[in-house]
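Have a look at the structure below, then the notes.
The values are calculated or read from the model by the stated rules, or taken from the named source; none is laboratory data. This one's a predicted model, so the numbers in the text were calculated from it and none came from an experiment. So basically every Cβ, Gly included, is an ideal-geometry build from the backbone, and we count neighbours across all protein chains shown.
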């Protein structure tokens, strides 16, 4: 798929949104998303942080699995889950 804005067959239309959800920050630049996770997200049309933020957390968990799948949706929304220290 050469056009990053093209939705792969079967992908929900909401993940191929344009406008504010298609902001220029690459999903690969997000802390915790490495090249392999970024490639999986791109396969499903999630190539920008805004699209990752708009995706259902359960979908991201299914795609990425593990800790990246749990933390990526929150991080894309600007929510960090750091343990509290006293």
Please specify each residue of the range 36-50 satisfying the condition of being more than 18 Å from residue 80 (Cβ to Cβ), part of a helix (DSSP H, G or I) and either touching a strand residue (DSSP E or B) at 6+ places or on another chain (Cβ under 8 Å) or modelled with pLDDT under 90 (or both). 38
Being modelled with pLDDT of 60 or more and more than 9 Å from the chain's Cα centre (by Cα) is the requirement here; does residue 10 meet it? no
Let me spell it out: the conditions are (1) buried (at least 18 other Cβ atoms within 10 Å of the Cβ); (2) modelled with pLDDT under 80, and residue 19 meets all of them except one. Which number is the exception? (1)
Can you tell me which residue in the range 55-68 is surrounded by the most Cβ atoms within 10 Å (Cβ to Cβ), limited to those that are assigned to a helix (DSSP H, G or I) and modelled with pLDDT of 90 or more? 60
Failed item in (1) in contact with a helix residue (DSSP H, G or I) (Cβ under 9 Å, 6 or more places away or on another chain); (2) modelled with pLDDT under 60; (3) in a loop (DSSP other than H, G, I, E, B), with residue 31 passing the rest: (2)
